[in-house]
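Visitor: My questions all concern the structure below.
Nothing in this text is a laboratory measurement; each read-out follows from the coordinates by a stated rule. Since we're looking at a predicted model, the values are computed, not measured. So basically every Cβ, Gly included, is an ideal-geometry build from the backbone, and we count neighbours across all protein chains shown.
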Amino acid sequence: MSEVENIQTTAAPLVRMAEIEGRGRALVASQPLRAGQIVLRDSPIIVYSALPLKQPPPSQQQQQLHSSNYYYCSNCFKILQPWTTAAASVVSCPAYSASPGLGGGYPHDAHALFCNPNCRSLALASSHSPWVCEALTRLSDCPSLLLHQERQVQARFLIAAYNLAVVSASDFRTLLSLQGDSPAQPEDAALFLHSVISSLCPPPQSSAVFGFSLGLTASLLAKDKLNAFGLMEPFAQDRERSVRAYGIYPNASFFNHDCLPNASRFDYVDAAAERNTDIIVRVIHDVPLGREICLSYFPVNQNYSDRQRRLREDYGFTCECDRCKVEANWSDLEEEEDGDEEAMDEDWDENMANKDIEDACGVTEDNDFPHAYFFLRYMCNRKNCWGTLAPLPPSDSNPSCIMECNVCGSLKNEEEEEAIEGSLEAGVVLENPFSLSLIGLGIRGG
Ligand SMILES: C[S@@+](CC[C@H](N)C(=O)[O-])C[C@H]1O[C@@H](n2cnc3c(N)ncnc32)[C@H](O)[C@@H]1O
């Protein structure tokens, strides 16, 4: 085992890297961890926009995206205030001649806006170099690319990655060290994007040390697919949550997946603080020394077959976690019963609700649903949220009773919820030591 460099700014790292057979590199607890403890704060080596290259004119924005979320700074990725005099500090990339705000709004076709001149200066010296600016301009006028939204976002990643090779060789080496190899036969995306970039905007000569080849393009795309974290738009109950930007995080990339994770990651992109694109990983309950720390690569409410398919197709492995071992059996039964795999999603809540709550809390010994406690305690009960709850960091080793959701951001005070709900539910479940979680998370009744 080797210690992960820079993984903690404190003197004693809380996690270290281990090589685990069948799972590759992993992060394990290097000391006993308390619920809520921050095990990693990580800064991205690349952040790139999740928006298509060619943005629709304002008249169509409403249909395609939530318009208030549409504009953000191309350096720090904080949302830009709607155009008012309060947003007067917003500046565009120098290559774009019009001034933001003219005509009552931001220019919809400016490919880079910055929340202030400082952000612009930082970007011009790094992520928005003259080559990136020129490349994005050319790519956004490429008709064959504009047909594929996903390819446009991949193109943004490739431009950011090839630019990284020029502006920071060491960060580019780190990127190359992450999981993800070029497949023997390059996939369509790599063939297409490499040819478009070669013809329209080949990387500058200064990146020659790493070269520019189809193999490298394919390998970079593979690394992006396995390691990128989505920085999400704020949660809203009435619409699907979208990704604002993707980031590649050099240390967080070593977290393996578990369908019942013991840690969850938080981001605070619109926070006023600096390093707003960092991700912060906290353990959701106590973790013993030596135990692997895992995240879930997607919301924990997904059913067994969807999870397995996604992990196989997107991440190339078969999940054999405790939850999958259990659900493999009841999933088969349910699929036989209704003969419709798709119906599992809708049935999932019902499955949970129908399981005996006493079993869930370990009161009786039934291994049919041993992990129900996880959902009752650590899954957010806000409609359409499906986030994971983790306690706030402990203070002076005292655990916090405030749980924070990593998707909608709500804070739940377990003690207050117990007091309020307890009076409503008196006699029903309060004898159960876990009742406050059951009530607070609203699982009862499905
Ligand atoms: C983001 S990387 C995690 C770090 C990776 N293990 C490494 O060595 O760099 C994702 C990859 O890790 C592996 N992985 C993650 N979770 C796993 C699990 N539960 N079982 C087996 N392999 C896993 C898969 O190869 C997956 O594509």
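Visitor: Are there any trypsin sites (Lys or Arg not before Pro) in segment 119-189 that are in a DSSP loop and have at most 15 other Cβ atoms within 10 Å? List them by number.
Guide: Of the trypsin sites (Lys or Arg not before Pro), not one in the loops of segment 119-189 has a Cβ with at most 15 other Cβ atoms within 10 Å.
Visitor: Return the sequence-ordered ³J(HN,Hα) values of segment 247-258 in whole Hz as given by the Karplus equation 6.51 cos²θ - 1.76 cosθ + 1.60 applied to θ = phi - 60°, using x for Gly and Pro.
Guide: x, 10, 10, x, 9, 5, 5, 8, 6, 7, 9, 9
Visitor: Below 13 angstrom from the Cβ of Ile197, what's the summed charge of the other residues (Lys, Arg +1; Asp, Glu -1)?
Guide: Net local charge, Ile197 excluded: +2.
Visitor: How much net charge surrounds Tyr48 when only the other residues with a Cβ under 12 Å from the Cβ of Tyr48 are counted, with Lys and Arg +1 and Asp and Glu -1?
Guide: Overall, the nearby charge balance is +1.
Visitor: Tell me which lysines have Cα within less than 23 Å of Lys325's Cα, excluding those fewer than 8 residues away on the same chain?
Guide: In chain and number order, the partners are Lys355.
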